[in-house]
1. If you line up the long axis of helix A:124-141 against the longest principal axis of chain A, both from Cα atoms, how many degrees apart are they, to the nearest 10?
2. To the nearest µm²/s, what D does Stokes-Einstein give for the stretch B:177-248 at 20 °C and 1.002 mPa s, using the Kirkwood radius over alpha carbon pairs as Rh?
3. Based on the Kirkwood radius over alpha-carbon pairs, what value in µm²/s does the Stokes-Einstein equation return for the translational diffusion coefficient of the protein assembly as shown at 37 °C and 0.692 mPa s?
4. Tell me what the protein assembly as shown gives for mean residue ellipticity at 222 nm when only DSSP H runs of n ≥ 4 count, each as -39,500 (n - 2.57), the sum divided by the residue total, rounded to 500 deg cm²/dmol.
5. State, in angstrom, two size descriptors of the stretch A:89-248 derived from its alpha carbons: Rg to one decimal place and Dmax to the nearest whole number.
6. Rank A:Gly182, A:Gly33, A:Thr60 by how far each Cα sits towards the positive end of the charge dipole of chain A (+1 on Lys, Arg Cβ; -1 on Asp, Glu Cβ) and give me just the farthest.
7. Choose one of B:Met129, B:Val224, B:Thr261: the residue whose Cα lies farthest towards the positive end of the charge dipole of the protein assembly as shown (beta-carbon charges +1 Lys, Arg; -1 Asp, Glu; about the Cα centre).
8. Taking the alpha-carbon centroid of each part, what is the distance from the stretch A:161-197 to the stretch B:1-53 in angstrom?
Amino acid sequence: MTKKPLPPSKNRDGAPDVWQDLRSLTRARIGLGRSGNAQRTTDVLTFQAAHAQARDAVHTPLDVQAMLEELNGISCLCVRSRAADRSTYLRRPDLGRRLASESLAFLQKGEWDVVFVAADGLSSIATQKGAIPLFRAMQARLKGWRIAPLVIATQGRVALGDEIASALGARMVVMMIGERPGLSVADSMGVYLTYAPYVGCPDSARNCLSNIHQHGLPTTVAADKLAWLMQQAMQLKLTGVGLKDAAPDSTLPENPSPLIEKDPHA
Amino acid sequence: MGFQYSLGGERYVFDDLKALMAAASPVRSGDELAGLAATSDAQRIAARYALADVPLDLFVRTELIPYEADDVTRLIMDTHDRAAFVPFASMTVGDLRDWLLSHEATPVALTAAAPGFTPEMAAAVSKIMRNQDLMSVARKMRVVTRFRNTIGLEGCLASRLQPNHPTDDLKGIAASTLDGLLYGMGDAVIGINPATDSVANGLALLDMLDHARRRYDIPTQTCVLTHVTNTLEIMNKGGAVDLVFQSIAGTQKANEGFGVTLDILKEAHEAALSLKRGTVGDNVMYFETGQGAALSAEAHHGLDQQTVEARAYAVARAFRPLLVNTVVGFIGPEYLYDGKQIIRAGLEDHFCAKLLGVPMGCDACYTNHAEADQDDMDNLMVLLGAAGITFLIGVPGADDIMLNYQSLSFHDILTLRSMLNLRPAPEFAGWLEQMGLFDAQSGRMRELAPHQTRLAQLVG
């Protein structure tokens, strides 16, 4: 089968693409050109490819085995939420926030300063790539902390960490979770820090670092910010709005989730 | 008061009107999440039979959310036009469906009837209507509004040009605006969702949009979709506010979740009217709504998501808006799971709003965790176009790089206008022709590069 090259992005008369300069101003898909009124073949396929990657990020199961191998013998615990499968997970966010009964029974109470949870969320690819490197970076930064074994959670939402931390007796939880993929980035990870978490804990009690991926916030920078937040949380005995207010500007996360009017449940 | 119906030898009982309406609703994940959905297909149809027999008068006498507890209920009850309702007072929900579809229900008759209908009546009748019913009735109802152009005329399809940018970069936004204008977009509004929701930022964005509009004398309106309290402050500072935007929902508590009350909306409405910026009319409000908003704020009072959504249109119509659109599909699969549910919801929202006299448009859209794709949006836009939707939202290449979801592209709306022989708002269509962007002879938008037009300097 011969591979037919797609037509290059230029005008009908073959003139160079005058949109090139304007495209440096925005990542928006501007100046696409037309076939009649419709989009050109190359643009339709480019869009479909990006959408396919985003969907695969949502639907590919977290490869727990590969993560265990990457941990190379470092102890960890595997749990799952009450959402039995992906379809249930997407329809029932409430089930993704609670531990399956056998997972809850399996967790034993201890004396921990913090537990790190790696959960698939809406992009297993993000967690697969980003969670263990961040966990290792935090181990290096948190000398003297009693760090619980890493918990790997499937079909998990952010609030699942609350129940995990309660069951393990951890003073705070760091939830590392795949963010909802966009067309341009499908492997972005978010991190949520919650002090003294409990089931039903409000989101206003959390601090968030978002946009952690290869072309976004680098792991080392995220780790530095997270370590600062955790030390402050330990001192102030809180997270959330109260901690954000106490942070000097330079240590604040870069506006991770702007207030978006269009999103009634941001 | 309970309801019952026997179907296939089984007797189905529904505790009250809320439960009956919820059970009669087409399948959607949000009602399942709320624990309100029918438990079987047969129960759903039994509920529809029972609902079809409910007298419309019962909706006037029943407070689905108590009058004392909810200002939206008070608004609905206090503004209900009893005289307009008289011809329908002895009808059932089933009778209303038959009348709406009848040839007696002309555009004039429907317009006269609109103040007599409540959102709950609209929601109820929609539940026993098929998709084609929702379309053919909506198509008959014209809601015409005006600011710098005329929106909602027969044979017209307006568009919102949405040039969002993840850091609100002015030149980036201008580049997307230029792109949209070359496709004939922007007659409903050129409207930005800001990444940063602040007064200073809103002022800067409005200033840029207003300069561009005046420079090229574009007969349209611009808007920064920031919180209404920010817009009030922007107006106080002398900002170029054409339209006041706000997201609204169907209960007082859900609106409080948006940080808005009816009094704040009234204050903003009056402030915008006093600016007298409209040239052909004074419809100065722009609202967004969407099924699931109330449930996600835990403010649905046990109502199914479509009924509570319809109540938002009572809020909208109280302020004579230029534009309203449902953001169907944006909220995610826990409320509308797939393309089928999104399409149905889009048609319901459009129908209910138009029945109540609200100028409804749609952001035909989806997120990447919903079971939907661009083919579903093609279907939805054609169905809405056939149903006479007031306007659709377009973003470059259908990819909103700030809000991270997919809507329609400028190409899509151009295609739809061509397929269904729909034109932009007349003042805007005249401007496109005068600017040489539209070729009246072929009836097409010319395919032009920026430097081949007078708009080339828009980006600066």
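The numbers here are math on the coordinates, done by the rules we state, and not lab data. In this text, all values refer to a predicted model and were calculated from it rather than measured experimentally. Positions of Cβ are backbone-derived with ideal geometry, glycine not excepted, and every protein chain shown enters the neighbour counts.
1. 50 degrees
2. Values: Rh = 12.4 Å.
For these conditions, the coefficient is 173 µm²/s.
3. 122 µm²/s
4. Result for the protein assembly as shown, helices only: -12000 deg cm²/dmol.
5. In order Rg, Dmax, the Cα atoms of the stretch A:89-248 give 14.5, 43 Å.
6. A:Gly33
7. B:Val224
8. So the two Cα centres are separated by 39 Å.
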